Amino acid sequence: MEILVKVLGPIEVTDAEGRPVPVGSRRRRELLGRLVAAGGRAVPLPVLLDDLWEDPPPAAAGTVRTFVAELRRALEPDRPPRTRSHTIETVGTGYALRIPRAHVDAHRFEDTLRATHDAPSGQAARALSEALSWWRGEPYADLDASPWLTPERARLAELHRQAVELRARAMLDLGRGAPLLPELEAFATAHPWREHAWVLVAHALYQAGRQVDALASLREARARLLDRFGLESADSLDHLERDILRHAPHLTPAPRDEDRLRLLTRTEATGTYTRLRSMSTVARAAAVTGGTNLILAQEQRAAAVAEAERTEDPVLTARVIAAYDVPTIWTRADDPGRSEVLVATTRRTLHRLGPGAPPALRARLLATIGLEHRGTRDRWALEAATEAEQLARDLQDPGVLVLALNARFVQSFQRPGRTGERDVIADELIDLSSRHDLPMFEILGHLIKIQVGAARGDNETARQHVVAAGRLAAMHETPLVDVLTAAFRTMQLAERPADPDDPDEVAHAYRAVAADLAGAGMPGVEAGMLPLALLSLRMRHRRPAPTDPTLDWGPYRPWAQPLLHLADGDVVAAREAAAVLPRPPADHLYDALWAVNAHTAILLQDASLATQAHDALSPLRGEIAGGTTAMIGFGPVDDILAALDQYLVRR
């Protein structure tokens, strides 16, 4: 049996499935902890006696041997009697813990910290963020202070401080210091003697656009170091102050927005029509590169459309709107407020153009409404996409048709059970785009096919489209595709039995995907996805919901809340949260959230919620719950329905 030992908090031992392994009294846990602290080295019996007792009793040696035997039985329940232990090995007169370093959280943390010292900033930030999440409190928190434990706690605490600072430095090097401010300010206040902590705070303030506060923070740090520790000055504080005053470029590594996109914004160079339409066109080209460019492109497009409408020229406004024809793969908008403003502007523009509008332009505007007003059950948005498709087919214009088909795709989520419809749309997108050289929409077709395959449990077909999408993405430099296909591969990994050598492998992979999503410029996809993925893993292994306070559930918290209360043992609060569950939106996560509701209903014995979940999931028989995301899966819908049937019949 593979075991995991956690000492970054109270001592805990679990098996590969996360089930607790009881190891006995505090004395026995202290012996285990002392062997963990030895880092795999043998600890002689006399040392163990001195460490476990201030004044060892005559029978102490025998007691230690009894403790070792009991720990061996707990950690190796399947080991035949009188055979050699592979977990606690006898070495001379002492003992050594023979557990892989990756299976002990303190060792894994130390190894991660060592490995990231010279790693690229992005890699270091991701690895250290995950490593810091392993801390659950003071190391060996359930043990009393003792001569061996005090220095070990101090050593681990120092490693923790180093990791916090190293992660912050990596994030600052990526230009992402502003969100760290609350964490860094608390850290510096708790460790006022660490001058580097104050450097990090000031640098983060500068990246947040608060230069005056950054300089004031440095002055305050200098005064604290002088008053409390007698330090006249610190070179690192002085160097940063000079760099801030001269606006040193390395303090803000991310390029300025206007330099990144080089959008056409100067009226003296071009006329209003050319300038505004060019802003939207260039934004379209920048959007496919993802990351900050995608966010900036969307902002630039919104600004161009707003300025165009202020001219009170509906034809100009329509052409500026239509110039941005970027494929959409997800049903939750990255900025819902901005999308609704765009939809309102587009509808007003259609009304002002009237029935005499050129059909191709009308079709593009209708498709824009279908694309931007997504994740809803509003019939008028579906009707807009349908009319756009009909106009495009009448025109036999492939460029307009692919846009209309994209709108039909996102509106297909208004009703469950439309996987077949999306499959047909994807086939036509791929065929049409390959014949008319529309590579972005050909990629979209392959991404939809991946979602269709994942929803049907047809991983082989999905993998073929992963390869095709990856080939096109490399050719046309669209890195967002790699982020999405990596998420699909992680979903596949989750469907296999856990790796006994690394039972947290899938969770690690999902954390890596989340880190990539965080920099992909797609908050509509990224927000809340990591905790939902971790919840799917825990539900698969019948474990409680993850209650890590650092997890941001984003828009999915209402559906997770009953399970979070149950994980904390608060059944009353769980029932109250379940009683006010909102209806899952008509988007990619519809069936995933109903799968969560079904799980909640069975745990709480809630017949009403169970019946609602059964009705909601019935149109999806034969599919994988959550599969249409091609990111996370909650198992076959048929299995969920069978569990609901069993509960309802039994009740």
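The values are calculated or read from the model by the stated rules, or taken from the named source; none is laboratory data. For clarity, every value in this text was computed on a predicted model and none was experimentally measured. Using ideal geometry, Cβ is built from the backbone for each residue, glycine included, and neighbour counts are taken over all protein chains shown. These area figures cover heavy atoms from the full protein model, side chains too; ligands, DNA and RNA do not enter into them. Shrake-Rupley method; radii C 1.70, N 1.55, O 1.52, S 1.80 Å.
Values for this structure:
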{"quantity": "Under 5 Å, built H, 5+ apart or other chain: amide partners of Ile88", "calculated": "Arg98"}
{"quantity": "Size-normalised alpha-carbon gyration radius of the range 476-610, reference 2.2 N^0.38 Å", "calculated": "1.10"}
{"quantity": "Rg to Rh, two decimals, where the range 157-234 supplies the alpha carbon set and Rh follows Kirkwood", "calculated": "0.96"}
{"quantity": "Solvent-free Debye scattering, log10 I(q)/I(0), computed from the Cα coordinates of the range 446-495 at q = 0.27 Å⁻¹", "calculated": "-0.99"}
{"quantity": "Helix-derived mean residue ellipticity, 222 nm - over the chain, DSSP H n ≥ 4, -39500 (n - 2.57), to 500", "calculated": "-20000 deg cm²/dmol"}
{"quantity": "Share of alpha-carbon pairs per 10 Å distance bin for the range 1-61, given as whole %", "calculated": "19, 47, 27, 7, 0"}
{"quantity": "Which of Asp111, Asp243 is most accessible, then next, and so on - probe 1.4 Å", "calculated": "Asp111, Asp243"}
{"quantity": "Hz values of 3J(HN,Hα) by residue in the range 571-578 - Karplus curve (6.51, -1.76, 1.60), Gly and Pro given as x", "calculated": "5, 4, 5, 4, 5, 5, 5, 5"}
{"quantity": "Surface per residue (accessible, 1.4 Å probe) for the range 413-557, Å²", "calculated": "42 Å²"}
{"quantity": "Inter-probe distance in nm under a simple model that places probes 7 Å from Cα toward Cβ, at Ala567 and His541", "calculated": "1.3 nm"}
{"quantity": "Estimated inter-spin distance, Asp552 and Leu493, nm [label 7 Å along Cα→Cβ]", "calculated": "2.3 nm"}
{"quantity": "Equivalent ellipsoid, the range 1-146 (semi-axes from 5 times Cα gyration tensor eigenvalues, Å)", "calculated": "29, 17, 14"}
{"quantity": "Kirkwood Rh and Cα Rg combined as Rg over Rh, evaluated for the range 537-623", "calculated": "0.94"}
{"quantity": "Whole-percent carbon and sulfur share, accessible surface of the chain, 1.4 Å", "calculated": "52 percent"}
{"quantity": "Sorted peptide list for 426-433, 400-407, 174-181, criterion being average Cβ within 10 angstrom, highest first", "calculated": "400-407, 426-433, 174-181"}
{"quantity": "Whole-number percent relative contact order across the range 1-116, with pairs defined as alpha carbons under 8 Å at least 6 apart", "calculated": "31 percent"}
{"quantity": "Two-site label geometry, Leu49 and Gln646: point separation in nm, points 7 Å out along Cα→Cβ", "calculated": "5.5 nm"}
{"quantity": "Angstrom value of the Kirkwood radius, inverse mean 1/r, which spans all Cα pairs in the range 366-476", "calculated": "14.1 Å"}
{"quantity": "Isotropically averaged projected area of the range 386-448, using the convex hull of Cα atoms (one quarter of hull area), nm²", "calculated": "3.8 nm²"}
{"quantity": "Relative contact order for the range 86-191, counting Cα pairs under 8 Å that sit 6 or more residues apart, in percent", "calculated": "24 percent"}
{"quantity": "Average projected area [Cα convex hull, the range 36-81], square nanometres", "calculated": "3.9 nm²"}
{"quantity": "Quotient of C-alpha Rg and 2.2 N^0.38 Å, computed over the range 580-651", "calculated": "1.01"}
{"quantity": "Contour minus Cα-Cα distance for Arg26 and Ala59 (0.36 nm per residue)", "calculated": "10.1 nm"}
{"quantity": "Over the range 115-247: Rg over Rh, Cα atoms, Kirkwood Rh", "calculated": "1.01"}
{"quantity": "FRET efficiency, Val212 to Thr311 (Cβ-Cβ, R0 30 Å, nearest 0.05)", "calculated": "0.15"}
{"quantity": "Protection proxy ranking of 434-441, 338-345 - average other beta-carbon atoms within 10 Å, highest first", "calculated": "338-345, 434-441"}
{"quantity": "Accessible area of Thr14 in the full protein assembly, 1.4 Å probe (Å², nearest 10)", "calculated": "10 Å²"}
{"quantity": "Extension reserve of the Arg583-Ala115 stretch, reckoned as 0.36 nm per residue once the Cα distance is removed", "calculated": "164.0 nm"}
{"quantity": "Relative contact order of the chain, defined on C-alpha pairs under 8 angstrom at six or more residues apart (%)", "calculated": "9 percent"}
